[in-house]
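The values are calculated or read from the model by the stated rules, or taken from the named source; none is laboratory data. Given the structure is predicted, the values throughout are model-derived calculations rather than measurements. Here Cβ is always computed from backbone atoms with ideal geometry, including for glycine, and neighbour counts include all displayed protein chains. For accessibility, only protein heavy atoms count, side chains too; no ligands or nucleic acids. Shrake-Rupley method; radii C 1.70, N 1.55, O 1.52, S 1.80 Å.
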Amino acid sequence: MATDYIVESVAKRIAGDIVWSRNPGLAMRKWRETFGVSQSELSRILRISQSVIADYERNRRQPGSLMVRKYIEALIEADSKRGFKIVNELGKLFSLNFPFIMDMSDFVRPVSFQEVIMAVDGIPVMANLTNAQFYGYVVTDSPKTIISLSGMEFYQFLSITLNKILVFTKVSSGRSPMIALKIAPMRPRLVILHRPLKMDPLSIYIANMEGINVIVSTKRTEEDLIEGLKKLALQSSLK
């Protein structure tokens, strides 16, 4: 089973490859064959004729962004019936398989700091974000994140959190994630710490010294926290 994060990330990589290609039809065919999906199977999923798919793959039709998305979603749907074999392999190939990521999503429209506060029952620790906007979130298991990643891998992980909210769960005092972020060359726009037992004075000092915006979520469980963020993502799609 592939996580939502891996599925979304792989889909975006494929979309970028198709759109950037000088021969989008050939790129579409390449990915269809990579997934081992026939034109006839794809036509059944998309509910369009096989000849239309052939036209796209021969560049007789130029795909718009919506068609590219539907095409990729159909490939992933076909792969899901086979246990996400190709998606998981591509996730490893793209170095996307971060097992400590619990949930991840983009917002359809950017959300405000106050909306985030409401969604996670948050208490600001250090925040200078009156007019800030956020474009998504990443929820991670803090101990697993800190322990399992080397320095370069941590930097690679942080690259996917740009303009997003980075949420650390299983936090005892906030010291470890704040020290890790202090020495990082790039940082998320906002850090959420889920129910630390007690905020370490050093973590608060680092946040203020480095200008790292932090709020504490008082949601009772990790599931409640993720549910609040999912609802925020849904709300962003309705406005």
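Checked against the criterion of being over 28 Å from Ser172 (Cβ atoms), open to solvent by 30 Å² or more (accessible area, probe 1.4 Å) and of a type in the set (A, V, I, L, M, F, W, C), the candidates Ile72, Ile86 yield just one match: Ile86. Across the stretch 220-239, the number of residues qualifying as open to solvent by 40 Å² or more (accessible area, probe 1.4 Å) and either among the basic types (Lys, Arg) or not in a helix (DSSP H, G or I) (or both) comes to 4.
I'm trying to understand the selection: among the residues of the stretch 109-140, which are part of a strand (DSSP E or B) and open to solvent by less than 10 Å² (accessible area, probe 1.4 Å)?
Here is the first cut: in the stretch 109-140, the residues part of a strand (DSSP E or B) are 109-112, 122-126, 133-140.
Hits for the stretch 109-140 are Val111, Phe134, Gly136, Tyr137, Val138, Val139, Thr140.
The helices (runs of 4 or more DSSP H) located wholly in the stretch 27-81 that include 2 or more residues which are within 21 Å of Ile6 (Cα to Cα) and in contact (Cβ under 8 Å) with a residue 60 or more places away in the chain occupy 65-80.
For Ser38, the stated conditions hold: it is modelled with pLDDT of 95 or more and open to solvent by 20 Å² or more (accessible area, probe 1.4 Å).
Filter the stretch 194-217 for residues that are in contact (Cβ under 8 Å) with a residue 40 or more places away in the chain, part of a helix (DSSP H, G or I) and open to solvent by 10 Å² or more (accessible area, probe 1.4 Å) and give the result. If the condition is that a residue be in contact (Cβ under 8 Å) with a residue 40 or more places away in the chain, part of a helix (DSSP H, G or I) and open to solvent by 10 Å² or more (accessible area, probe 1.4 Å), then Ile204, Asn208 are the ones that fit.
Scan the stretch 147-189 for residues that are assigned to a helix (DSSP H, G or I) and in contact with a strand residue (DSSP E or B) (Cβ under 9 Å, 6 or more places away or on another chain) and the total you get is 6. Regarding the stretch 83-90, can at least one residue be identified that is over 20 Å from the mean Cα position of the chain (by Cα) and over 27 Å from Val139 (Cα atoms)? For the stretch 83-90, residues over 20 Å from the mean Cα position of the chain (by Cα) and over 27 Å from Val139 (Cα atoms): absent. For the stretch 1-26, a residue qualifies if it is in contact with a Phe, Trp or Tyr (Cβ under 9 Å, 6 or more places away or on another chain), free of Cβ contacts under 8 Å to residues at least 60 places away in the same chain and β-branched (Val, Ile, Thr), and exactly one does: Ile18.
Within the bounds of the stretch 153-169, is there any residue that is at pLDDT 90 or above and among the aromatic types (Phe, Trp, Tyr)? Steps first, please.
Initial filter on the stretch 153-169 (at pLDDT 90 or above): 165-169.
Now restrict to residues that are among the aromatic types (Phe, Trp, Tyr): 168.
Within the stretch 153-169, one or more residues are at pLDDT 90 or above and among the aromatic types (Phe, Trp, Tyr).
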